[in-house]
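The values are calculated or read from the model by the stated rules, or taken from the named source; none is laboratory data. Remember, predicted model here, so these are calculated numbers, not experimental data. FYI the Cβ positions are ideal-geometry reconstructions off the backbone, even for glycines, and counts take in every protein chain you see. The area values use the complete protein model at the heavy-atom level, side chains included, leaving out ligands, DNA and RNA. Shrake-Rupley method; radii C 1.70, N 1.55, O 1.52, S 1.80 Å.
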Amino acid sequence: MTNTNAFAIEVHGTPAGLVVGGHGGYTFFASDWAFKELDRRVFRHVRHAERAAAQVLAGKPLARSR
């Protein structure tokens, strides 16, 4: 059995991307160009990436990353 740290991020049925865990946090890889501003951004927790993707979809400004 393998231990993977990759999670799909979906917002209201829209695939936003994947986050992959590594040293220093979770890196977001956008699967839809609408989420391009999140591409390669690092988040401390998966839920932070989910929240950011929801903000992007809602057209709200993003908080600065750590």
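Relative to the longest principal Cα axis of the chain, at what angle does helix 46-58 sit, 0 to 90 degrees, rounded to 10?
Its long axis makes an angle of about 20 degrees.
Using a 1.4 Å probe, what is the accessible area per residue for the chain, in Å²? Mind dumping the intermediate values first?
On the way: 4780 Å² over 66 residues.
Accessible surface, normalised per residue, equals 72 Å².
By how many nm would the segment from Leu57 to Asn5 lengthen if fully extended, with 0.36 nm per residue of separation less the alpha-carbon distance?
The Leu57-Asn5 span can extend by a further 16.3 nm.
With Kirkwood radius over Cα pairs in Å as the read-out, I listed (i) 11.1; (ii) 12.1; (iii) 11.8; which label goes with the value calculated from this structure?
(iii)
Please report the net charge: other residues with Cβ closer than 11 Å to the Cβ of Asp32, K and R +1, D and E -1. Each step should come with its number before you reach the end.
On the way: positive: Lys36; negative: Glu10, Asp39.
The answer is -1.
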